[in-house]
Amino acid sequence: MSPVIPLLLVLGLATVGWLVARARARIFRRARPGGRLDSRPQYHAWFVALCAGLPAGLFALAWSAFSPGLVVMRVLQAPAAAALPAEGILRDAILAEAGALATRHATGAFHPLARTLVPAFEQAIAHYAQVGLAVTLLLGFATGTWAFLRLRPDFRARTQVERMIMAALLLASLAAILTTFGIFASLLAETWRFFRFVPPGDFLFGNHWSPDPMADVGPVATDSYGALPLFWGTFAIGVVIAMLVAIPLGLMSAIHLTQYASPALRRWVKPMLEMLAGVPTVVYGYFAALTVAPAVRRLGEALGLANPSSESALAAGLVMGIMIIPFVSSMADDAIAAVPAEMRDGSLALGATRFETIHRVLIPAALPGIVAGIMLAISRAIGETMIVVMAAGATARLTANPFESMTTVTFQIVAMLTGEGSFDHPATLSAFALGMVLFLVTLALNFVALRVVLRFRQAYD
Amino acid sequence: MTERASTDAGAADGDRAARRLKARYAAERRFRALGLAAIACSVAALLFLLVTMIGNGMSGFRRTELRVPVDFARAGLRVEPARLGAIDALPALRQAGLSQVLGQAAAASLGPDGAAELDPDAWREVARAIIADPGLLQRRVVLSLPASDNLAAAQRGDGQRRLRPLATRLAAQGKLVRAWDPGFLTRADSTHAQSVGIWGALKGSLLTMAVTMALAFPIGVLAAVYLEEYAPRNRWTDLIEVSISNLAAVPSIIFGLLGLALFVGLFPSWRSAPLIGGMTLALMTMPVIVISARAAIGAVPPSARDAALAIGASRIQVVFHHVLPLAMPGIMTGTIIGMARALGETAPLLMIGMRAFVATPPAGLTAPASVLPVQIFLWSDEIDRGFVERTSATIIVLLLFLLAMNGLAIHLRNRFEKRL
């Protein structure tokens, strides 16, 4: 149900409250001998408008989110609903069609039953729309009147309004904690359900991964939920191959740009590196699948491999490394820039060449920052999804050959959740367990890295 | 004797020193060249990627069309004008026999084998044109209709061998052409590469971004104001700061899992709707906005605050009347960068089910929709060569949007740096 009309009415109500309250405050001001109120009339106006608008507006939003459920419940009690099949996918489909017909979102229906339900739907929707509108308006009117009656010449309207603003600020800053908590709670709940099917030991240390989302839920083959090959694939692609590309290129680019490059070169190269960071991952994935993977396959053939697969860990890792370059380079840039200029100047003054200064002074001094940057880069690489989904392959195997396809944690999360499997199936739940592992590992990496960066900054401040 | 030995030794020393100096300078040059090579590699990778996409994608803005003359006045298509204005005009035209009319016209002009290679969805385009201009039904027009993917492949010289003579014949008659396809930007997804369009996905992206912006911007800015201006230093504030900096680095797919478990769990009927997608992306974008907004607010000189406080403004007035307007360009820069990241994000939207085949542009925030990056992902699975071009063309459109957003962000940043 669209909340637009109730919200517009609430807005109108708040505007009326605003105007009336301001008029009232002006009358107060004229009646007063000194002509001064405790707060300016605008604050009286805002106080009444917020009191009238906020609760009613929130109610209208909540009503539009939850009234469809009420509508369906009421339709199910109608006589026409007696002919519906028992609870299941078919019934849901018929109800959805009837709802679409009743709201004019569709013109035809596959199920003849859907047409018979339309009057019941229309009646229920109209009923709940009226109820919602009435409650919204009553609520807004009640809170608005209450606020209006509180207005006095010495009423501290500004303090009240500012208190509301402060509450909004506090609520907004709590959103971050709530999100973190929400991630943790939802992952934990589903992981817990998964571990009732598959013991944690088998999941973390088993070396055979082949869940079947279509199999019966019954007794689960726990030996097909061993995630070790996924962890290995993630490590090989995200940590080994990607970092072999990203660390040398990123680090050397940063050093050259900060220590050697002319301002003109820097002005050209920096935006290009930023562009590299701004390319969406799905574009990298498409690039990996379309261009890099066939090239890697040809390379494998040229090296005399029997039949290199068209999806390889090497292709995904290479492209991922390219994606990470700007990340490593900007972190290294910051770390090197944080080293005090005196250290650099001292070394140069002693007669060291610039290479020796960089090699013996700058890099050792900036090392904590660089390592922290690399840790952040690793955490980004192992959480990267689209490149591996499009280029790395689905076969879980423990192999050291980069020309073979490997699969990663993120790939399997996508594979398990985009199928048609039910939400109670261990294969679906395993995605959340994998997500939990990924979340904890990246959290640990980020936490340590941020700590190191902080300590490092303090050391030179 | 000793003197001579020492000069010898000195000469030898000098020699060794000169050699060592040479080696040291050589190392210096090598290192410098290595750095330049690293930069060249990175830039080359970027250029190679862009050139590949542009090379593949420019032909994606064209399509293979059949030119078919149709005389609607004589075809006897009976549709009441009133029905053309109704929302079921498309089915009405289909019932009136639009596709048969097109089939007959194609058979008359291209021959039966040519008519068989008309895209089965071609009537939809004609129907939309008729709805836009009902006067078409009284005229004789030459329509440009999408050819089938097989015929398009044959015209390129690959695909099925049996169609190649037909393609050559029609092309020689000027009835089969490869033409610019402005409709690519106004149609929605389809199963045939010649009749797909990206407006559906683009509209889905715009709706999703609107939701993300409406949620993440106010919450992010308000949170930044609180943390930077009012928050007391205590354990709670530390916890908020730690969770914000961690959220900014959590993999995006984890936000998808949260969106699936929380939002899709709460509102199952809005699965794959822009509303849910926007809410999920808002959780991801909010920390980015908080971090950049805090930096921008922190860069406002304290003198501005002190001056406002000194003439009697309250602490709220100081922030909302003085600090925020000064910090706004910086906040907008961070917001645009965060939104650009959200616009290119795919994985979390796959998680919440935005991967369905959606053949009509979404009607509203709660209708099933696709977004540009997911459309790229879905088309990348198609084997047909036509889809490769279309995918690359979509990537070009997406990159242009991102380029525009980033350009705007850089422009704002430059103005901001000049002013403070």
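The values are calculated or read from the model by the stated rules, or taken from the named source; none is laboratory data. What you see is a predicted model, and the numbers here were worked out from it, not measured in a lab. Cβ coordinates were reconstructed from backbone atoms using ideal geometry, including for glycine residues, and neighbour counts include every protein chain displayed. To get the accessible areas, we keep the full protein, side chains included, count just its heavy atoms, and leave off ligands, DNA and RNA. Shrake-Rupley method; radii C 1.70, N 1.55, O 1.52, S 1.80 Å.
Observations on the model:
- Within 10 Å of each Cβ in A:252-259, the average number of Cβ atoms from other chains: 5
- Rg over Rh, two decimals, segment A:222-460 (C-alpha only, Kirkwood Rh): 1.05
- Take each residue of peptide B:267-274, count the partner chain Cβ atoms within 10 Å of its Cβ, and average: the result is 2.
- Extension gain for the segment A:A264 to A:R32, taken as residue separation times 0.36 nm less the Cα-Cα distance, is 76.7 nm to one decimal.
- Largest-first principal axis extents of the Cα set of segment B:277-320 (Å): 46, 18, 8
- Take each peptide in A:21-33, B:322-334, count the other Cβ atoms within 10 Å of every residue, and average; sorted highest first, the result is B:322-334, A:21-33.
- In chain A, excluding the sites themselves, the longest stretch lacking any of the GluC sites (Glu not before Pro) that are in a DSSP loop with at most 15 other Cβ atoms within 10 Å is A:88-419.
- At q = 0.10 Å⁻¹, base-10 log of I(q)/I(0) for segment A:4-155 (Debye sum, equal scatterers on each alpha carbon): -0.52
- Extension gain, B:T168-B:A310: 0.36 nm per intervening residue step, less the Cα-Cα distance, totals 42.8 nm.
- Relative contact order %, segment B:199-419, counting alpha carbon pairs below 8 Å whose residues are six or more apart: 31
- Based on protein heavy atoms only, chain A ends up with 48 Å² per residue of surface accessible to a 1.4 Å probe.
- Model label sites at B:N234 and B:Q95, defined 7 Å from Cα along the beta-carbon direction, differ in position by 6.9 nm.
- Calculated FRET efficiency for the pair B:S303/A:V16, C-beta based, R₀ 51 Å, to 0.05: 0.80
- Table column - 3J(HN,Hα) (Hz), segment A:345-360, Karplus curve with 6.51, -1.76, 1.60, x for Gly and Pro: 5, x, 5, 5, 5, 6, x, 6, 6, 5, 4, 5, 4, 5, 6, 9
- The distance between label points at A:T159 and A:L90 comes to 6.8 nm (points 7 Å beyond Cα on the Cα→Cβ vector).
- On the basis of the beta-carbon distance and an R0 of 25 Å, A:H127 and A:L8 show a calculated FRET efficiency of 0.75.
- Solvent-accessible area, 1.4 Å probe, carbon plus sulfur percent, for segment B:199-419: 66
- Summarised in one figure, the compactness ratio Rg/Rh of segment B:2-58, Cα atoms and Kirkwood Rh, is 1.59.
- Counted charge near A:G373, where neighbours are those whose Cβ lies closer than 11 Å (Asp, Glu -1; Lys, Arg +1): -1
- Chain B packed on chain A takes about 6900 Å² of accessible surface away from a 1.4 Å probe, both sides summed.
- In plain terms, the chain from B:L185 to B:D88 could stretch by 32.6 nm, reckoned as 0.36 nm per residue minus the Cα-Cα distance.
- Using C-alpha pairs below 8 Å separated by at least 6 residues, the relative contact order for chain A is 16 percent.
- Gyration tensor verdict on segment A:374-445 (Cα atoms; rounded if a/c is under 1.5, prolate if a/b is larger than b/c, oblate otherwise): oblate
- Across segment B:61-185, the relative contact order, built from alpha-carbon pairs under 8 Å that are at least six residues apart, equals 42 percent.
- Between segment B:175-220 and segment B:77-122, the C-alpha centres lie 25 angstrom from each other.
- Size-normalised alpha-carbon gyration radius of segment B:199-419, reference 2.2 N^0.38 Å: 1.15
- Sites matching trypsin sites (Lys or Arg not before Pro) across segment A:115-199 that sit in DSSP coil, with at most 16 neighbouring C-beta atoms within 10 Å: A:R156
- Taking Cα centre as origin and charging only the Cβ of basic (Lys, Arg, +1) and acidic (Asp, Glu, -1) residues, the dipole magnitude of segment B:199-419 rounds to 360 debye.
- Kirkwood-based Rg to Rh ratio, segment B:142-275, C-alpha trace: 1.28
- Label positions at A:A134 and A:E301, each projected 7 Å from the Cα along the C-beta direction, are separated by 7.6 nm.
- Exposed-site-free run, longest, chain B (rule: trypsin sites (Lys or Arg not before Pro); DSSP loop; at most 14 other C-beta within 10 Å): B:234-420
- Once the partner protein chains are put back, segment B:369-397 shows a loss of at least 40 square angstrom of accessible area, versus the chain by itself, at B:F377 (probe 1.4 Å, ligands and nucleic acids excluded).
- All Cα-Cα distances of the protein assembly as shown, cut into 20 Å bins from zero to the largest, leave 12, 37, 35, 14, 2, 1, 0 percent in each bin in turn.
- Peptide B:317-324 has a mean shielding of 1, counted as Cβ atoms of other protein chains within 10 Å of each residue's Cβ.
- Taking the inverse of the mean 1/r over every pair of distinct Cα atoms in chain B gives a Kirkwood hydrodynamic radius of 26.5 Å.
- Reach of B:K22 by Cα under 19 Å, taken over aspartates and glutamates that are not fewer than 8 positions away in the same chain: A:E356, B:D13
- Taking a Cβ cut-off of under 12 Å around B:A224, the surrounding Lys, Arg, Asp and Glu residues balance to a net charge of -2, with basic ones at +1 and acidic ones at -1.
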